1. How compact is the stretch 430-532 by the rule of thumb for globular proteins, expressed as Cα Rg over 2.2 N^0.38 Å?
2. Volume per residue, Å³, of the convex hull around the alpha-carbon atoms of the chain?
3. Would you mind putting 550-559, 358-367, 62-71 in packing order, based on average other-beta-carbon counts within 10 Å, highest first?
4. Residue 154 to residue 442: FRET efficiency via 1/(1 + (r/R0)^6), r the Cβ-Cβ distance, R0 56 Å, to the nearest 0.05?
5. Counting only DSSP beta bridges with both residues in the chain, what percent are antiparallel, rounded to the nearest 5?
6. Beyond 21 Å, what share of the Cα-Cα pairs of the stretch 392-461 is found? Please give it as a whole percent.
7. Over the alpha carbons of the stretch 201-375, what is the largest minus smallest coordinate on each principal axis, giving the biggest first in Å?
8. Which percent, nearest 5, of DSSP beta bridges in the stretch 201-375 are antiparallel?
């Protein structure tokens, strides 16, 4: 009997509450003190299409989904056809007994035909409630506590009124009782673990919470999958936190509004995906030349053009690094998990104002929309740095205020519109220290040097890349952003197999930590690059900045996340064949 280690997946047509059902399953497990990682797949359709929600449950910390499935809940025939081969030997399929299966199911899995609709009607409900029947059946199969499940269902549906809530609870209980009466034999069970101070949160939600904690008061965005969740989350807290969430007519308008808010002294941000960011690029240059703080969150999906709107990828790194014409300083941050999403968003706002630059947070669909358990964020060390903003008293004492004063650090003290002695000209043209337009070569060189000088000081305060695992590895895994989760899981498995392996995970990609990367990779070990793109964009940056060419690569660009099994198998292959 395997206790507190399970991979559960539900699939069906859109419109039958697949996403809500998966979320309830995961949340009930978290309430029982377990750890989960959720992964969703759905097509870019307004209506219909095949939807799945997969939940990995363990009593230890989990970092990513796995390829295998122990329980498959099929609300339609297509789910069995598409996902039967993912089942582990001894796994189970739970399906609606009204379905007529056209072929035999694998002999090494258990099959449970359940009258979902009949049980939903018996509870007084209707067809839309078969998902809750499936929840009850699933938890009975693993001998999970029914009360915990019913409590989460009650919390989920409470806004729909008592009648709807009770019907959904009744449907789940009918499913639970039906499966218990069958007395099924199954090799997995879930038990309550030690209560922990844990929460279930997505990367998008963590970014939004980080923005709130950082004091963001304005977000402008045009809806674009998979970044829309950030905007929607913040819009729900407008009144409570005094924040303005403005849905704009297009992406360039959003970027211009963020620059306007930053110019006015308001902490502001936008969020989009690659296609939307393409429309923002011209305005990004305006933030660069006016030295206006701005935080830009780009949640990647596969391109080019519309690409695959509801899938994941890591294809925009080079685009972000060189977006907009000309040269100006920027910081690019690629968090790898929900904790980094929260804390690095706070850092992004501080860096944007401290150095008066655009700061990019580079996420992706997998990190942005997947939910995982983590400890409640520790904010005791959070500090807000508004940078070199002059007070009225400081401005009065100055003989002349030059907004773009050429300073040792390249950072010029700034005023906020409305300050009597802080008036200056802000323009998209090149300018001198006062802000007045100039095309004199001496002024141009001086202002470019001043702006770029900031990078030297930014580099000094950048945190080092994270290194996990063996101090003297025979192979090093190298990755960035959301691939951290799968790499961490693979690292755990490999160390358990006594493989000397470590993981170099890069969060700060510009300025690039050349010295630290070179030190981590220049020890004679084999190196495996792991990325969600076709060209190895991080590998190119490493070669450009350190001279190190990484020969072994695991590159995945089918729109799906990298799984730890794929990394594990690739490492074994590299070690076998060199």
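1. On the way: Rg = 20.3 Å, N = 103, 2.2 N^0.38 = 12.8 Å.
Rg over 2.2 N^0.38 Å, computed on Cα atoms: 1.59.
2. Values: hull volume 95.6 nm³, N = 578.
It comes to 165 Å³ per residue, whole-number rounded.
3. Numbers: 550-559: 16.7, 358-367: 29.3, 62-71: 21.7.
Most protected by this proxy first, the peptides run 358-367, 62-71, 550-559.
4. Efficiency for this residue pair is about 0.20.
5. Numbers: 29 of 80 bridges.
Antiparallel bridges: around 35 percent, rounded to the nearest 5.
6. Working: 752 of 2415 pairs.
Cα-Cα pairs of the stretch 392-461 separated by over 21 Å account for 31 percent.
7. Cα spread of the stretch 201-375 along its principal axes, largest to smallest: 40, 38, 28 Å.
8. Details: 2 of 22 bridges.
Antiparallel bridges: around 10 percent, rounded to the nearest 5.
The numbers here are math on the coordinates, done by the rules we state, and not lab data. From a predicted model like this one, the values you see are computed outputs, not experimental measurements. All Cβ positions, glycine included, derive from the backbone under ideal geometry; neighbour counts span all protein chains shown.
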